[in-house]
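Structure, as structure tokens:
Just so it is clear, none of the values below were taken in a lab; they were calculated from the coordinates. Note that the structure is a prediction, hence the values are computed from the model and not measured. Every residue, glycine as well, gets a Cβ built from its backbone with ideal geometry; the counts of neighbours run over all protein chains shown.
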Amino acid sequence: MLTLSDVMWEPDIDWRKDAACAGVDSDVFFPGLEDPAASERAKVICAACPVQEACLQYALSTNQAAGVWGGLDANERRRLRRRLRDRERRKAS
């Protein structure tokens with residue numbers, strides 16, 4: 001299970017060479033609108049990606065504010081970060 005401390009790591013981009021999105025037009029991953037329908041094609045590519053988790057960790061640790069990273073769009077990443085932060089707070093109390 002992903003924790004907030006898992007996303008606080010020194011970014012390593014070696015995983016990119018194995019990404020399923022390598023060579024795909026970046027417009028697919030950065031659609032003009034941040035809505036679920038605009039992001040679906042990217043999410044399908046991400047679902048079969050062997051480095052999906054590393055990509056998501058990179059996006060979270062570097063606060064990527066736009067696009068689809070690790071199969072999640074910007075709104076989904078914000079919600080995930082909030083859930084991880086809340087879980088860490090509950091553990092601490």
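Sorting 68-81, 44-57, 18-31 by average packing, meaning the other beta carbons within 10 Å per residue, from highest down gives 68-81, 44-57, 18-31.
The gain in end-to-end length when the Arg82 to Ala48 segment is fully stretched comes to 9.7 nm, 0.36 nm per residue minus the alpha carbon separation. Over the stretch 4-92, the reciprocal of the mean inverse Cα-Cα separation, the Kirkwood hydrodynamic radius, stands at 13.5 Å.
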